[in-house]
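Please treat every number below as a calculation from the coordinates, not as lab data. Here the structure is a predicted model, which is why all the values come from computation and not from measurement. Positions of Cβ are generated from backbone atoms using ideal geometry, with glycine treated the same way; all protein chains shown enter the neighbour counts.
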Amino acid sequence: MRRFVYMDNGATTVVDSEVVKTMLPYFTEKFGNASSVHGKGQEAKRVLEESRETVAKSIRAKPSEIIFTSGGTESDNLAIKGVVYNDKEKNHIITSNIEHHAVLNTCKELEKEGFKVTYLDVDKEGFIDLEQLEKSITDKTALVSIMQGNNEIGTIQDIEKIGKICKKNSVLFHSDTVQSFTKTPLDVKRVNVDLLSFSAHKIHGPKGVGALFVREGVKIKPLYQGGAHERGIRPGTENISGIVGFAKAVSLCKSGHVEHMKKLRDYFIDSVLKDIDDVLLNGPRKERLCNNANLCFRHVEGEGLGAYLDVNGICVSSGSACSSLELKPSHVLIAIGLNKELANGSLRFTLSRFTTKEDIDYVLENLVKHVGKLRKISPLRS
Amino acid sequence: MYNKKVMKRFLKPKYAGKIKDPDAVGEVGNPNCGDLLKIYLKVDKKGVIKKIRFNTFGCGMAIAASDAMCELVEGKTIDEALKIKSKDILDLMGGKDVPVLKVHCSVLGESALKEAIKNYKNKKK
């Protein structure tokens, strides 16, 4: 029987109904501007600070270290440009070649402005080389920006070790934690990290809201000018309803969800590898986001397979050139050494806490059927 | 993202498959996106393409476009087939309805056809 199975939670997630319920009054009765001194404004200010505390607590930060933004992309831009524009003495950034475009394209833009950027290589599972990182640091290095969990292949970098290297060399460390937030432990008291990017819509919160953690004492230059909102670092009237929804989404995340996703993900990967031949798992088996499976079905083109799954109610995303606006295969898959054909044959399946075993079985059944069908007409298969 | 005509062909391509002892084969790759298309022809003594089949490593649009190309070709003579352009293939799939980004998929069909006919003519020499 046809089902609807959403397996693209790395792209975005359904907003939890509890989150929606919590947000609604902030559009109608509690609509105040947190900067207003009257009662309505102060009502908004109170909930803004409560929300800040909830988000801060989840990573053991101080509330004053959380700056609300419009989401992951803005947080990445604010972190990187904010640091390098503030430090006139230094002009070098180190990042990796599997970062999200929000980081990569920010760095590319800075290169045009005269900054130097080192793009670290990754191995076939997507891990950076810590030695290469340390060797790349110079006295001109202002910032290291390495993501925690990769959005495509799920690789979880050892940010604790990266943090130590940065501390030893007195370099600031930013990590894009948009995908790993609430899914991978993150404790800023224990780990030396100076800036972290978050997004609400990846954790069953609303779109258009996120945050940047800025460790106390770290100075960043605002990207635009305005009022004194968010300590002047991010001017603009706070998106109270969004922020309330973000905080609610954070408070609804439980460690049991991680276990649930991990179990189903392993069942999914094991079953695909067992039931279909010539399948490769992209990314590592162990140090991997709990909800991510990225699989390459050899001799099958990913966009075509994705379209067959879509017709059958299954939403996934593809690393194929055919699905991208630039007609280029995923830069992440190319960085881990896949050739064009393998990258074009890869699909990403991302689970959520709402994914069930029945969902997985339905996806498996469809994969067997449609991979078989497409292989039958593949010129690479004869 | 695809219109009904494309979806219909993509889901049930009539010409997908191989021909065991073809009179000619044409294989082309799309340098833009990495797609591959291989076509098989069966040609009778009068030069009529009696049967055409395709294999593709390509997206939904590539499958649909290959199928549309085969439909245009089957039953035509070699000379008639050479007049088929990617625009004709596109027209069979809703023309202006086709996403701009996917137009290059129909070009692959035209190139594979030309390649197969070239191989056929070389063989005949």
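When the helices of the protein assembly as shown are scored as -39500 (n - 2.57) per DSSP H run of n ≥ 4 and the total is divided over every residue, the value at 222 nm lands at -12000 deg cm²/dmol.
Mind scanning B:Lys46/B:Lys102; A:Lys274/B:Lys18; A:Lys81/A:Lys207 and naming the pairs with a C-alpha gap bigger than 31 Å? Violating the 31 Å Cα-Cα cut-off are B:Lys46/B:Lys102.
Phi angles of region A:329-337 translate, via the Karplus equation with coefficients 6.51, -1.76, 1.60 and θ = phi - 60°, into HN-Hα couplings of x, 3, 5, 6, 5, 5, 5, 8, x Hz per residue; Gly and Pro are given as x.
Taking each of A:Lys21/A:Lys254; A:Lys262/A:Lys328; A:Lys168/A:Lys263; A:Lys21/A:Lys57; A:Lys357/B:Lys4 in turn, the alpha-carbon distance tops 26 angstrom for A:Lys262/A:Lys328; A:Lys168/A:Lys263; A:Lys357/B:Lys4.
Cβ distances below 4.7 Å define possible disulfide partners, and in chain A the cysteines left without one are A:Cys107, A:Cys166, A:Cys253, A:Cys290, A:Cys296, A:Cys315.
Remark: region A:296-310, residue by residue, has Karplus-estimated 3J(HN,Hα) of 10, 9, 4, 6, 10, 8, x, 5, x, 5, x, 5, 4, 5, 4 Hz, where x stands for each Gly or Pro and the curve is 6.51 cos²θ - 1.76 cosθ + 1.60 at θ = phi - 60°. Near A:Ser318, the amide H atoms lying under 5 Å from its own belong to A:Arg348; only residues 5 or more places off or on other chains count, and H is placed 1.01 Å from N. With the highest mean first, a sort of the peptides A:82-95, A:8-21, A:142-155 on other beta-carbon atoms found within 10 angstrom per residue produces A:142-155, A:82-95, A:8-21.
Restricting attention to the protein assembly as shown, close to 65% of DSSP beta bridges with both partner residues there are antiparallel. Relative to the longest principal axis of the Cα atoms of chain A, the long axis of helix A:72-86 lies at roughly 50 degrees. The HN-Hα couplings worked out from phi for region A:272-284 by the Karplus form 6.51 cos²θ - 1.76 cosθ + 1.60 (θ = phi - 60°) are 4, 5, 7, 8, 10, 7, 6, 10, 10, 8, 8, x, x Hz, whole numbers, x standing for Gly and Pro. Against the longest principal axis of chain B, how steep is helix B:60-73, in degrees 0 to 90 to the nearest 10, with axes from Cα atoms? The two axes meet at around 40 degrees. Where Lys and Arg each count +1 and Asp and Glu each count -1, what net charge lies around A:Val37 among other residues with Cβ under 14 Å from its Cβ? Local charge sum for A:Val37: +2.
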